[in-house]
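Have a look at the structure below, then the notes.
The values are calculated or read from the model by the stated rules, or taken from the named source; none is laboratory data. No experiment lies behind these values; they were computed from the predicted model shown. Glycine gets a Cβ as well: all are built from the backbone with ideal geometry, and neighbour counts include every protein chain shown.
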Amino acid sequence: MEKKSFKGYIYLLPSIIIMICFTLYPLVRAIVMSFLGDYSIINGSYKSIGFDNYKDLFKDPDFFKSLRNTSIYVICVVPASICLSLLIAVLINNCKKFKAFFQTVYFLPYVTSVIAIGIVWRWMFNSNYGLINYALGLFGIEPIQWLNRPEYAMPALIIFAIWKSMAFNILIFLAGLQTIPEDIYRAARIDSTPRFRVFTRITVPSLAPMIVYSSVIGMIGAFKVYNEVFSLFQGKAGPANSAITIVYYIYDKFYNSYKYGVAAAGSVVLFLIILAMTQIQLRVTGEKKKN
Amino acid sequence: MDIRIENLTKTYGNLNAVDHMSLNIKDGELVGLLGPSGCGKSTTLFMLSGLTTPTTGKIFFGDKDVTSIPPEDREIGLVFQNYALYPHMTVEDNITFPLINRGVKKPQAKEMALEMAKVVKIDQLMNRKPGELSGGQQQRVAIARALVKKPQVLLLDEPLSNLDAKLRVETREEIRRIQQEVKITTIFVTHDQEEAMSISDRIAVMKEGVLQQYEVPQTMYLNPANIFVSRFLGTPEINNIEIDVKDGVITADGVELRRGVSLADGHYKAGVRPESFHVAEGGISLGVEGIRMTGRDLLIFSKFGNETIRVLVHSYMQVNPGDKVEVSVREGHILVFDDADKLIGRF
């Protein structure tokens, strides 16, 4: 028995080593770093040990702005993306003729570089000759300064992110839809189920495990949003930092302000938030399963 | 509700899954659609349900032509082979679902569901999910769900194929009991001849999309329309032998089987069921090649001409391989078929 488990660990060794080097060690270092005042990554010197970084962090209005923005982002993007993806997945699934074509088209955002997508969306959001303002103009809506005015920066980011995150969700839901037996739908037909009720009472409950999975993965991903901000606002966080997110804040503190300790403290806070959110989610869904 | 099927045909590519089928089913009858897999029996059932559209032909429920009426408006209950219960709903929700879809108020729907659950004896399981039920219980839920909307016709697709042997016998009696209690015209599909014969009022035997015979079970068993039907019904399978008729005497392999029959001279195909033999001194002498004890009967294998034939005798009879038994065929139990495999008569 002992021997057997020892052999097992040898097989696991490569991935354990990689995990330790690239996940566990940086995690521990970041936590340690967050308690070192004026830490320098060049020579490893520091001036104090304690909560100075956290004090600085919680005094910084930009950090709170990033917290607020990230929360808004998560609350808007995750549910909207899941609802829209569900709808589109069901539509694609019912479309017999061009199923393969649409499956590919909807998956494109997932495999395309965020930077490239960002360039396209910058053009679409352009206030003078962008597609979005043109479309809105058809309904008599005045051109919106999507990317140049602080109050529109977050909405622009959210629209962009919803579109981008749908690809993965649609893929998951399409896979889930394949697992629902055809006979259940036939039975529903015999039972004279109205179309919308088939969707709400049969399709959605059958996809519940995929919806939970997508929301957990989507939420964790959304809390770590950075690429989308970077690509949409060309490396900035929107006009007057109006679309700053937690990870962007951490990035900015680390690479632009050289405040390594504060950046580390920010990462620890983000880590705790994600940890708490996933715990709540797992508990809620776990309890549902029991019932 | 009387059901009339007229010239029903379903074509897939260039294959006729169902080929010009015509059938009349009387109100309140239990009809078994019987045949080997791929014979078109399930296709027929799904055309009756409306889930499959016929290529040509008509279906009447009563005097009403329902051929182009969608399944939801046909007033049918359908039980799927795998039951197709809604897995995330409780038993009660499964049964009330069709009622609520039809606009029945929730309290009334619950009452009707409970009533139907009592008929199929699952009223103790109303709060369970399908995953927590046995196969037999799931089937009862499926039947209750099909019957709760008070349909005119109940359709069952291979209702017993997912159950184990003991439960199968139990459940088929249950289906019969429920059908009698609700007094509903019922059509079920099966490939098991014993199942079909034991509970059906009438059986429709199909082969390669063509209806072979539609008859009361006992009549069909005794007077199969053709060799296919004679072989399909009954276990152990009927013995097929070649016979010669000359001057009213039937002989097979040189052995006289019957005299004084009114049949034209010639060579015929014949069938003799294993239980049609009885032990008789001075009868046909058969060498015993093997025996199988089945309980009530003893099955003897013997060479007759070039064929191995099966003979059933009472289980108290003491025979061993190598022994000789003398048997004769009961009066009227030699089934004689013509060149087209059709039954000519029994002698």
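Of everything in segment B:273-312 that is of a type outside the set (A, V, I, L, M, F, W, C) and touching a Pro at 6+ places or on another chain (Cβ under 8 Å), the residue that is surrounded by the fewest Cβ atoms within 10 Å (Cβ to Cβ) is B:G290.
Can you tell me which residue within segment A:165-184, out of those that are within 14 Å of another protein chain (Cβ to nearest Cβ) and among the β-branched types (V, I, T), is farthest from A:L87 (Cα to Cα)? Full working, then the answer.
Step one: of segment A:165-184, the residues within 14 Å of another protein chain (Cβ to nearest Cβ) are A:176, A:179-184.
Add one more test, that the residue is among the β-branched types (V, I, T), and what stays is A:179-180, A:184.
Working: A:T179: 17, A:I180: 16, A:I184: 19 Å.
Going through the qualifying residues, I end up with A:I184.
Answer yes or no as to whether A:A187 is within 14 Å of chain B (Cβ to nearest Cβ) and either farther than 18 Å from B:N94 by Cα or more than 18 Å from the chain's Cα centre (by Cα) (or both). Against the criterion (within 14 Å of chain B (Cβ to nearest Cβ) and either farther than 18 Å from B:N94 by Cα or more than 18 Å from the chain's Cα centre (by Cα) (or both)), A:A187 qualifies. Condition first: free of Cβ contacts under 8 Å to residues at least 40 places away in the same chain and away from chain B (no Cβ under 14 Å). Can you find one or more residues in segment A:155-164 that meet it? Yes.
If only residues of segment A:22-52 that are closer than 15 Å to A:K253 by Cα and part of a loop (DSSP other than H, G, I, E, B) are counted, the one that is modelled with the highest pLDDT is A:S34.
Candidates A:V90, A:V120: the one that is farther than 23 Å from A:V247 by Cβ and over 16 Å from the mean Cα position of the chain (by Cα) is A:V90.
Output the number of residues of segment B:231-267 satisfying the condition of being touching a helix residue (DSSP H, G or I) at 6+ places or on another chain (Cβ under 9 Å) and of a type in the set (S, T, N, Q). Give the steps one after another, and end with the answer.
First pass over segment B:231-267, keeping only residues touching a helix residue (DSSP H, G or I) at 6+ places or on another chain (Cβ under 9 Å): B:232-240.
Cutting the leftovers down to of a type in the set (S, T, N, Q) gives us B:235, B:239-240.
Final tally of qualifying residues: 3.
Residue selection: A:I141 satisfies the criterion of being part of a loop (DSSP other than H, G, I, E, B) and within 30 Å of A:L91 (Cα to Cα).
Are any residues in segment B:47-85 of a type in the set (F, W, Y) and free of Cβ contacts under 8 Å to residues at least 60 places away in the same chain, and if so, which ones? Write out each step before concluding.
First, the residues of segment B:47-85 that are of a type in the set (F, W, Y): B:60-61, B:80, B:83.
Across segment B:47-85, the qualifying residue is only B:F60.
Here A:A175, A:A167, A:A135, A:A153 are screened, and the one residue that is part of a helix (DSSP H, G or I), of a type outside the set (D, E) and more than 29 Å from A:T104 (Cα to Cα) is A:A153. The single condition among (1) touching a Gly at 6+ places or on another chain (Cβ under 7 Å); (2) crowded, with 19+ Cβ neighbours inside 10 Å; (3) free of Cβ contacts under 8 Å to residues at least 12 places away in the same chain that A:T193 does not satisfy is (1).
Please find, among B:I184, B:I203, the residue that is touching a Pro at 6+ places or on another chain (Cβ under 8 Å) and either surrounded by fewer than 23 Cβ atoms within 10 Å (Cβ to Cβ) or closer than 23 Å to A:D191 by Cα (or both). Please lay out each step first, then the result.
Details: B:I203 fails: either surrounded by fewer than 23 Cβ atoms within 10 Å (Cβ to Cβ) or closer than 23 Å to A:D191 by Cα (or both).
After applying the criteria, what remains is B:I184.
In segment A:196-228, the residue that is farthest from A:I172 (Cα to Cα) out of those that are basic (K, R) and within 14 Å of another protein chain (Cβ to nearest Cβ) is A:R197. On the stretch given as segment B:75-99, residues that are of a type outside the set (F, W, Y), within 12 Å of another protein chain (Cβ to nearest Cβ) and within 19 Å of B:P159 (Cβ to Cβ) total 11.
Do we find a residue being over 30 Å from A:M277 (Cα atoms), at pLDDT below 85 and surrounded by fewer than 17 Cβ atoms within 10 Å (Cβ to Cβ) anywhere in segment A:84-95? Checked segment A:84-95: at least one residue is over 30 Å from A:M277 (Cα atoms), at pLDDT below 85 and surrounded by fewer than 17 Cβ atoms within 10 Å (Cβ to Cβ). Of everything in segment B:333-347 that's under 13 Å from B:N223 (Cβ atoms) and charged (D, E, K, R), which residue is surrounded by the most Cβ atoms within 10 Å (Cβ to Cβ)? Ranking the qualifying residues of segment B:333-347, first place goes to B:R346.
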